[in-house]
Every structure is written in structure tokens, then in C-alpha cells.
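The values are calculated or read from the model by the stated rules, or taken from the named source; none is laboratory data. Given the structure is predicted, the values throughout are model-derived calculations rather than measurements. Here the Cβ positions follow ideal geometry from the backbone for every residue, glycine too, while neighbour counts run over all protein chains shown.
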Amino acid sequence: MKRSITWPGRDGYTILEALIGLLVISLMAMPIFRLLTTEKRLSAAARDKASAYFLAVSEMERLKTVQAPAQELMDHEEDSFENGKSFHLVRKVKPRFLEDAENPLREVTVEVYLHERRLAHLQALFGGLAAAPKDTL
Amino acid sequence: MGCLRSFKNNSGSVAVVAVILMTFLASMVLIFAARSTARFKHVRNFEGERQALYTAESGIEFACYEARKPKDSVLTDTSLTILDGGSFKYNPFSDSLFGASEVVSEYVSGYLWVTSKGHYKTFSKTLRVKLGSRLPNAFRAGLVLTGEAPVTVEGGTVQGPIRSKAGLIPPGAFLEYEKLRDSLPKLDEKVFKDAMDSIFRASQKIDSGQSKIGELVAYNSSNPPDFRKDSLLNHVGNVLINGDRIGQVLVVEGPGIVESAQGIQVSGNIQLRNVTLVAQGDITFFDNAKLINCTVLSFKRVHIGNKSDFDGTIYCQGTVEVLDEAKVQPYTLVYCLGRGKASNQQVVTLDGKATMAGTIISDCSSGITYVGFEAAFSGILFTKASVDIRGTVNGTVIARDFQSRAGETEPFQAVFRDGKIDYYGMPPDYAAPIGLLIEPDFAIASWEVLE
């Protein structure tokens, strides 16, 4: 038995109806294709964000092992290649309490950018605990 | 023609095929999109949790910085609450970028256990660190006791504020040290030493003939020391003062002096009040003996052991041992010369769950003042020689150098030289207790993420 989708009392589609149907289906497909391209972008963004996150954490953990007082930490910028892309890593250091001149605490912010877009941002305080030279403990 | 016919009739299924294709395509796209979104969220969660961890860590850094400040300035900050025993709780910051942190610290066994909870957006992390002191600041050469009133000795009793000051140092003294440093009394060593020597000379009287060398003089419940007849009971032989009745405390009330050319042992169910004990040899306390406001002078060794309880003053030209759950009550002064001891021998020993509160002055150029793993000391510890501290010390330590050994069978060796610690000579995982602080400073002894 031959089956097709028809209106009641009709045997099938005319060529015009089929064309209109295709047009409607094409219009419906547009958001799906858009979703497809978004997925591609999202996938790339997730990969980039993961790379940026690991770069930021690596930098932060590296700073914790530096055998120098936190006061000696300085602002710093560098480019880093990960997964074939060039990320820009920015480290900002500022005293946490401006009113206290001898304050050893430093607020360190590590940001990772890709094409001017900030993908990772981590902050931590550094002071006597984290930056203490091991042979003085 | 056939093609044209099929084009002209209306029995095809192009719509069905198209819908099926589109549905399949849409499903695939949705699956991939869901995976990518989940991955993106995963990375974002990682970042949030990591930031919460850094926020918790920062809370500890911040709180320790605040706690290091002089107490007066700390108290101006209302978000810091100092609890009993040196513990504190603190909410150091709440920042839109940084998040918020809650810090609670507890002072346990000479260490500061700090727990910090970091909040960042919807993420939370709890971190706990065990803090000890940074050693180079704990040990400095020379006498640093300074203040207005000198300490003198008169008739065996220390006059001056040093006793009360030692007793006033609370657990967690690191918070108050800046204040204490300025008010610690000056120790006038010459006056102190002269007075001590005069006490020794005064006690060396000729034997009254009541006993002979080798003869044991036993005082007990039937024959207690009686100071009403003679305030000085002088013997050539060994003296045993023993509370020999179970359930009945033998109370020996002073003032009075028991002197022996050999040794004195106090033991059993006994309580001595206001009694001075002087011996050329060992003076030992055993078996729950309790001494209240007593003065002890020995030329050789003072041993406080086996759950005995002491309150008073100890002068010893040899060594002093406080062992086996013995208690030395607050304000006690131990003045020890450590004569005849080599640099690697213990002059003052606190060990075996012994506790002592007061002042230890180990006035010798060689020998070690030792606080064992299970012992606790609260007060001022001053020695011109070395210290080896494994247990709990609350208060202040002033020593020339710091000796340690990797194990009980290993020899002592100096591990603090030129401002640095030689870790090879120390037990594994060693960290000095907070009580060693001369200037408050912290070092991490352990670190763990709780949740």
C-alpha cells in the first residue's frame, strides 16, 4: 500500500505544494544550521577557556613556589601558546591595604586573554605564608 | 516521460524524507551542542572552585596578617573576635571580585589550626592549615628580658614581677607578645646569683649528729617531720619522707627545713606545705607527692616524677627532670646551673606528659633544655645554652641555639645556624610550636582541603 501525507479527500501534493513545503522546511532548517555553527563556536570556546584556565592556574601555582617575599612580585605580561593559539597572560600585583606601608600582603590577579577577550581570571592574596623561603621555615 | 509523470502526479514522499533528515540533523546538532555546553560549564565550575579555594587561602593570609599586628590595633577591627585561649574568628573581606572568606582558628597543642571557608559566586571551598612558628625568629642570642623592675632573691623567694609575669602568659601568647615584650622584667643576674649562692652556703651546716652516712632516715605517718621542735632537721644519710597510709594524706606543715648530706625522697600519699628541702645529692618526688609553696635546693639532681605535683621554687646546681605526668604548678621558678654537663646532655628535662607553668632559667653555658613530645610548658624559658623543643611551649623562649636530633638514638646537633635551619638533623615533619615565638610569625606545618 502506498502511503503519503495528504489532505483528506486528496491523493497527494501538487508540485506547487511540494515547493511550498520545501520552502517551509528550509526556513525551519535555518535555526538548526545556526545551532550547528554555534555548537562549533561553543566547542572552540570551551577548548579555549580550558586552555586559558590551565594557563592561569599554572601561573598562580608557579607564583606560590617562588622563593621570594610577596612584596617583590611585579606586574607582568607574556604571550603563551596553547593548542595552537596565542594567549596573552597578564599578572597584576597591588598591595591589599594601601594605608599600611609595611603591609606584606599583595593581591595578585592573573588574567588570560585571547584576541582581547578575557577567558580566565583568578585572584589570590600572597603574603608571609605562601612566599616564604623554604629554608627559613 | 516517466520522469515527467512522476513529477506531475502527487503521490511522492519528499516532505517525509525532508522532515526525517532535518530531525536527524537537529538531533545530532543538539547532542554536540549539549556536550560543548557541558564542557564549557565544567571549565567554568573548575574556575569558580579554584577561585573559592584561593579566596579561602587568602582569608588565612589575611587573618594571619591581622593576628600578627599588635593587639591594640587588632581590636580596632571589629570583624576580628579573639576567643579564649588565643583562638579567633574573623571575616577578613567580602569583595565582589574576590568573594568572601570566613576564618576560624583554634589553638591546640601549641599550634594554630586555622579553618577558612572561601565563597565565590555559588562556589565554596574549605581549607584547614596547621600553623607553627617560623624558627629563625624564635631563637635569638642574648638576654632579651627587659623592663622596669629588677628581679631579686631574698630568703629563697623570688621577689619581683617575673613570677607573676610568667604566669600571666596565656596560651596563644603570640597575640599579646608585642605588649609583653615591653613589660617583661629585667633579670638582674648578679643579684640573683649572689642570692642563690648565699642560700646554698646557709644550708651547708654541720650535721647535727642525728644520723650517719649510709643510714636511712624515714619519716612517715607514725614519725612525721616535726618542725615545732626544730625548724631544721639535718641528716647525714638519705632521707625518705613517705605518706604510707592509703586513704590518709600525711600533711607536713612548715615553715621548716629538711637537709641531707645525701639525698631526699618524698613519695606516697603526702602533702608538704612551706617546707624547704636541701640535699647534696638527689631530691626526688614520686607517687602523687604534693608540694605546695616549697623550696628545693639540690647540688646534684631534682627529679619530679610519677604524677607528683610541685609548686614553689627549685634551685639545682645539676639537672632538673620533670617526668611521667608530673605537674609543676604556675609561678614555679626553676633555676638550674647544669654543672658537669656536656653540651649534648640534658640539663632541664620535661618529658612524659609532664606539664609545667612558670619560669625556667637554665644558667649554664652548655647542655640542653629539653621539652619532649608529650610535655607542655607555659611561661618563660631562658637558657644561655641550647634548647630542644618537641612538645608544646606557650610563652617565650630565649636560647643561644637550637639543638635537635633525628631520633632518640641519634646524637644532638645544632640545627639553627646563621639564621637557617638544617632540616637533615631534625625529625621528619618537624615544625616548631607557636609558643616559641619571639616575634609572631607563622609557618605551615600541614595543609588540607576539607571540601
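For B:F310, the requirement of being under 25 Å from B:L337 (Cβ atoms) and in contact (Cβ under 8 Å) with a residue 60 or more places away in the chain is not met. Residues in the stretch B:303-355 that are closer than 16 Å to B:G372 by Cα, small (G, A, S) and touching a Leu at 6+ places or on another chain (Cβ under 8 Å): B:G305, B:G352, B:A354.
Residues in the stretch B:18-46 that are closer than 18 Å to A:A52 by Cβ and not aliphatic (A, V, I, L, M): B:S36, B:T37, B:R39, B:F40, B:K41, B:H42, B:R44, B:N45, B:F46. Hey, does the stretch B:40-56 have a residue that's more than 7 Å from every other protein chain (Cβ to nearest Cβ) and at pLDDT below 80? Checked the stretch B:40-56: no residue is more than 7 Å from every other protein chain (Cβ to nearest Cβ) and at pLDDT below 80.
Within the stretch B:251-259, one or more residues are modelled with pLDDT under 90, within 30 Å of B:C364 (Cα to Cα), buried (at least 20 other Cβ atoms within 10 Å of the Cβ) and among the acidic types (D, E). The set of residues in the stretch B:292-336 that are of a type in the set (F, W, Y) and either on the phi < 0 side of the Ramachandran plot or out of contact with any strand residue (DSSP E or B) (no Cβ under 7 Å at 6 or more places or on another chain) (or both) comprises B:F299, B:F310, B:Y315, B:Y335.
Would you pick out the residues in the stretch A:47-81 that are modelled with pLDDT under 85 and of a type outside the set (K, R)? Correct list: A:T65, A:V66, A:Q67, A:A68, A:P69, A:A70, A:Q71, A:E72, A:L73. In a residue-by-residue description of the stretch A:22-34, the property of being modelled with pLDDT of 75 or more, surrounded by 12 or more Cβ atoms within 10 Å (Cβ to Cβ) and of a type in the set (K, R) applies to no position. Residues that are more than 21 Å from the chain's Cα centre (by Cα), at pLDDT 60 or above and not β-branched (V, I, T): which strands (runs of 3 or more DSSP E) entirely in the stretch B:59-123 hold 1 or more of them? Passing ranges, in order: B:88-90, B:99-108, B:111-120.
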